[in-house]
Structure formats: structure tokens, C-alpha cells
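For reference, the structure discussed in these notes is given below.
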Amino acid sequence: MIKNITPSRAPIGIFDSGIGGLTVAKAVMNAMPEEHIIYFGDTARVPYGIKSVDTVRQYALQITDFLLEKGVKMVLIACNTVAASAEKEIKEKCNDIPVIGVIEAGTRAVHALQKHQKVGVIGTLATIGSGAYDRALTQMMPGISVFSRACPMLVPLAEEGWTDNSISEQVLQIYLEGVRAQNLDALILGCTHYPLFKEPIRRIVDGYGLSIIDSAEAIAEMAKTTLSDTDMLNPGKRGLLECYVTDKPQRFQELAERFLGKELNRVDIVSLK
Ligand code: DGL
């Protein structure tokens, strides 16, 4: 139900298949602490990255409907898999409500680097298979060379909370072996779950002189600029994070609180049709 409030006080909708998009929510809270955020994690259907484009698109449009019902003033697609599969359809559904996807944000962050001749992208099978990063990077920076690698084990590890132990370390070592050999200028963490592994990734690529691109900060900055340009920044003083999931709210709450370093008032469970 659309609440009858001043448009600038309306919430920002952020969504992902699970906890990964919290990396975006955290960056948005840092950049705009006064904003009200509605976070949606589709925990009953995670992972998206091994599903077909049609399925991911159907899920993403259901979540978009939910966020629009909540009266959001902006939608942030905090899931690369969704951005690769359904960004156009989400934008169509949202009409004049701004929609920003993580792939666009990550691409802009690479563009802002001094050196970006050779770039690596790691992501889910769906994101890498879609070629969405290759297209976006080449369109913005013709002549760029892109090396991609799907890392399907990382999302289940992140959802389990295993982001820095001996198992995740070994998995990352194997996935990043080829990446290290490429002599890259930058490595894009092309899945919003991957910044949860930022420290072990940093340790593994340390000494290879590459920049690690986490699109969370880039999308938060883009969101801030868009809201500021349209005079839609929340004039309030203290923001609020409201979370919705499709399964296991307690588990989500535990992981989210650990990652965000703050208590969540509550996490509600919803079913989507
Ligand atoms: N965090 C998401 C992404 O950025 C999706 C991960 C998944 O559900 O497979 O791609």
C-alpha cells in the first residue's frame, strides 16, 4: 500500500536473493544515514545465480511489485544476477521511479580508475554466462580486455556465514588462481555476496597490484547523486532499516546483525506471488 507521505521521505528499496545485498544497504546507510531503507532478501529461493534468466526475471519482478507497493522512491538492484537478467523489465515496471543496478555502478567504478586496460570479473554462473559485464565494460571503455570467472560455491558459503575460514580460503584460492595469473589492473566483485569475502580475497591477490572493485560504494554514490539532483534526499534525521525475507527470518537476522554490526528491530517474513 502506498503510504501518504512526502515523496522525499519515502523509502529506498534494495533487493537481492539473500544477504549479499546487505553490502549495498550498508554502503547506502553510510552514504545517506537519514534514509529509510526497505531491504528484501529472497531467502527461500536463493541462490539465483544457478537459475535460468526467465526464473530470475519472474522472481525479480515479484519483488519489484512488493517494493512498489511499499511506496519506494527508488529501487537499487543489489544483485548482479538480477541486473544481468531483468534490469530492463524492472525499469519498465518502475516507470518514472529511478532504478539503479550494480553492474552499471561497478562499470562506472572501473572507468574512474586510472588504469583499466585489463579487468577481471568474478560472479555467479548466470552473471558471467550473460556476458553483461563484458558488454557494459566494452561499451563504456572500448578496447578494454575482460577476463571472467564464475565462482558458484561462494554464495552458499556466504549464506552459511562461512566467509573467512579454512574452507572458504581454499575455495577462493582455487577460484582466484587463474585470476592471479592474468596480470589484471582491477578485479570486479561481480556478485554482491562477494564483498563478504573481501579480506580473504585481498590476502590472496595482495602483491598483484590490482584494485578490487566492490560496486556497493559506487551504487550508493550514484543513488545519492540521483536523489540530490531531483531534490529527493530525505530531510529526516535518522534513517531506518526495514527487512523482509521469504524464509528463515531469524537466520537472516543473525547474519545481518553480524555483518552490519548493529541490531535490527525486526525482520518480517512475506510470501510472494
Ligand atoms: N548476490 C547476487 C548477485 O549479486 C546473487 C547471488 C545468488 O543468489 O546466486 O549476483
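Structure data summary
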| read-out | value |
| --- | --- |
| For C243, distant residues with modelled amide H under 5 Å away | Y39, R266, D268 |
| Net charge dipole size for the chain [Lys, Arg +1 and Asp, Glu -1 on Cβ; Debye, nearest 20] | 120 debye |
| Sequence of D185, D164, D16 once ranked by neighbouring C-beta atoms within 10 Å, starting from the fewest | D164, D185, D16 |
| Charge sum, other residues only, whose C-beta stays under 15 Å from L210's C-beta, Lys/Arg counted +1 and Asp/Glu -1 | +3 |
| Potential extension, Q173-E89 segment - 0.36 nm per residue separation minus Cα distance | 26.6 nm |
| Karplus 3J(HN,Hα) series, Hz, for the stretch 105-112 with 6.51 cos²θ - 1.76 cosθ + 1.60 (x for Gly, Pro) | 5, x, 5, 5, 5, 5, 4, 6 |
| Within straight-line cross-link reach of K115, aspartates and glutamates at Cα separation under 14 Å, skipping those fewer than 8 residues along the same chain | D185 |
| Rg/Rg_globular for the chain, with Rg_globular taken as 2.2 N^0.38 Å and Rg from C-alpha atoms | 0.95 |
| Farthest positive-ward along the chain dipole, Cα basis, beta-carbon charges - from A181, S168, I219 | I219 |
| Prolate/oblate/rounded label for the stretch 49-138 (Cα gyration tensor, a/c 1.5) | oblate |
| Relative exposure of I63, I167, I269, judged by other C-beta atoms within 10 Å (fewest first) | I167, I269, I63 |
| Violating pairs (Cα-Cα greater than 25 angstrom) within the set K51/K248; K51/K224; K73/K118; K26/K70 | K51/K224; K73/K118 |
| For the stretch 120-191, size of Cβ-based charge dipole, Lys and Arg +1, Asp and Glu -1, in debye | 300 debye |
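Every number here is computed from the coordinates shown, using simple stated rules; none is lab data. It should be emphasised that the depicted structure is a prediction, and the values quoted were computed from it without experimental measurement. In this analysis, Cβ positions are derived from the backbone assuming ideal geometry, glycine residues included, and neighbour counts consider all displayed protein chains.
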